[in-house]
Each structure stands twice: as structure tokens, then as C-alpha cells.
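Input: a single structure, listed below in C-alpha cells.
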Amino acid sequence: MSGALTISEPRVAQAAPTARASRGRFQITSPRATMAKLSAYGVLVLVGLFFITPLLWLVLAAFEPEAAVGASTPLVLSFSNFGKVLNWSGTFLPLINSAIQSGGTAVLTVVASLFAAYPLSRYHMRFRRPFLYTIVFSTGLPITAILVPVYSMFARFDLVDNVPAVILFMTATSLPFGIWLMKGFMDGVPIDLEQAAWVDGATWVQSLRRVVAPLMMPGIAVITIFTFVSQWGNFFVPFILLQSTSKLPASVAIYQFFSQYGQTDYGQLAAFSILYTLPVVMLWIVMSRFLRGNFTFAGAVKG
């Protein structure tokens, strides 16, 4: 017995340092792994240059009075381009129209997606899987392929040049992807939290508004930003369905810079493009506070 103890104890003592050494912080990297990492960083830097170079030209052209493509002119910074484009009919009214149309579409899409995704996430329905497959198929349907029949329908019901009708149509085109995302985010909320609210006498609408929706704020923020940005840059729908100049959004108004007197003023176009992107950047900054949340509910449900 004593001899067996003297033999087994050194083996245990020798195994412990080996385990600690394998779990240490020091890692030995091979030259092949280092070259792969450097190659990946090099590709990322190259892709970043492809994106930064046009953006840098856009910023410099906005502050250059005589900006042109392919012309080597002395760099003279000035705010004259912004002074020429900053007017009510050319800048502020299109931006307001874009905010109304994109904001209205985002709000309606979020509300409709929330109510549509709730039964898909919480109830076991017979046709849930085919309905989800239909939604996935609808996300890949190009809007330009259905604009001709949509315009015919709008003309038949006298809805051409009607902003609320255009907002409803853009909401319908945004709903498939919105419902798909909303269901995925809602699946991460434990149903035990709703059951606790039901025990306290809350209805499903109250539990959705007071329990599920607050826990899904990061997901709702993602859907809001995605819908707003996609409709902010939507060109074909308002270009086809809206005719009055006073109702056109900025995505269509920017097209006018390419047809003024048969030539393009690149300086004013760059200045308007910067003003056109500012609302999207501001929305991202405001909604980023909701994106800091996560979907881990550890401790929220007690066993």
C-alpha cells in the first residue's frame, strides 16, 4: 500500500505542470500563420482604400469651387458650393420629403412586423413554415420588376402623386425582410417572461408592449435603421409614382444635377451628396445607444 502511494504521487505531481503549461498565455505561432494574418490585413487595407478614395474625392470636391472629374486644378477650399445648393426648393424640401417618406415607412414597417412576427414566433401554426418560405422568397423579388403593374394599379385608383399611398407601397415592400428579422429577434426572448406577465393578468398585447418589445430594442433599432436607409436611397419608386416636384425626395432631386444645361456641376453635386448623407449618419448615432444592448437574458428567468 505504501509503495503504491509513493509511485502514484510523483505521477500526479508531474501531470499538473503539463496541464498548466498547455493552458498558459504564451502561444507559439508559425511563420505560415503570420504570413496569412499579414495577407489578410493587406487585403483589408486594399479594400478600405477602394472605399476611402471616392469618399475623399467627394469631400474635396464639395469644398472646391471648380471641381471636375479628371482635371488637375489647384486645391482651393471654399463653401461656395454649399451656398449654391442650400435653398428651400433644391435642398431642404427634398430632404424633408425624404424624411417623411422614409421615416413613415420605417415606423409602419416596425409596427406591422412586430405584430406579424409575434404569432410566427409564439404559436405553432400549420402553415408557418410555408409562410416563412414565402417571406424569404419575397425578399429577393426586385421592386423594379413590379413597378409597371403597380403604376397601372395606382393610375386606376387615382393614387399617382399621392405620398401616403407611396409610403404604404414602400412599407409593403419592406415588410418581408422586416418580418423575417423581427421573428429572429423575438425568438431570443424567453416565453417564460410573458407567461409570468400573463399570470399577473396581462393580455398578449400588454406583454408584447411591456415585456417583449423593451427586450427587443436592439433588434427594433436594427430594423428601423435598415428600413430607413433602404428607403432613403430608394429612387425608382418615388421617381415613377410621384410627379410633382414639391413631393420628390432627395434621392430623385439629386438626379437633377446630372441634367442641368447638358453638363454636371460636380462641386454642387458633391456638396448635395454630403448633405444627403448627414441624416443617415445622425440616425445611426442616435440609434446606436439601442444597439449596445444584447439578447442574453441570463438571470431574467428563474428556475
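Things to note:
- Residues of the stretch 105-149 classified as polar (S, T, N, Q), at pLDDT below 85 and closer than 18 Å to residue 165 by Cβ, total: 0
- For the criterion of being without any contact (Cβ under 8 Å) to a residue 24 or more places away in the chain and over 27 Å from residue 195 (Cβ atoms), residue 143 fails.
- So residue 182, is it in contact with a Lys or Arg (Cβ under 9 Å, 6 or more places away or on another chain) and at pLDDT 90 or above: no
- Pairs where the first residue, in the stretch 230-257, is closer than 25 Å to residue 178 by Cα and the second is surrounded by fewer than 17 Cβ atoms within 10 Å (Cβ to Cβ) and of a type outside the set (A, V, I, L, M, F, W, C), C-beta under 6 Å, 6+ apart: 236/144; 240/151; 242/161; 251/233
- Exactly one residue out of 277, 264 is among the hydroxyl-bearing types (Ser, Thr, Tyr), out of contact with any Cys (no Cβ under 6 Å at 6 or more places or on another chain), surrounded by fewer than 19 Cβ atoms within 10 Å (Cβ to Cβ) and at pLDDT 85 or above, and it is 277.
- Matching option when the condition is modelled with pLDDT of 85 or more, part of a helix (DSSP H, G or I), out of contact with any helix residue (DSSP H, G or I) (no Cβ under 6 Å at 6 or more places or on another chain) and of a type in the set (Gly, Ala, Ser), among 253, 213: 213
- Condition met for residue 39 (at pLDDT 85 or above and of a type in the set (Ser, Thr, Tyr)): yes
- Members of the stretch 183-223 found to be among the polar types (S, T, N, Q) and over 15 Å from residue 115 (Cα atoms), listed by number: 195
- Per-region count, the stretch 234-251, residues within 23 Å of the chain's Cα centre (by Cα), farther than 17 Å from residue 104 by Cβ and crowded, with 16+ Cβ neighbours inside 10 Å: 0
- Answer residue from the stretch 185-233, given it is hydroxyl-bearing (Ser, Thr, Tyr) and within 27 Å of residue 102 (Cα to Cα) and is surrounded by the fewest Cβ atoms within 10 Å (Cβ to Cβ) among those: 230
- So residue 80, is it surrounded by 13 or more Cβ atoms within 10 Å (Cβ to Cβ), within 30 Å of residue 221 (Cα to Cα) and either among the hydroxyl-bearing types (Ser, Thr, Tyr) or modelled with pLDDT under 85 (or both): no
- Residue match in the stretch 150-170 (condition: of a type in the set (Ser, Thr, Tyr), under 25 Å from residue 242 (Cβ atoms) and touching a residue at least 24 places away in the same chain (Cβ under 8 Å)): yes
The values are calculated or read from the model by the stated rules, or taken from the named source; none is laboratory data. Because the structure is predicted, anything quoted here is derived from the model rather than measured. Counting neighbours? That spans all protein chains shown, and the Cβs are built from the backbone with ideal geometry, glycine included.
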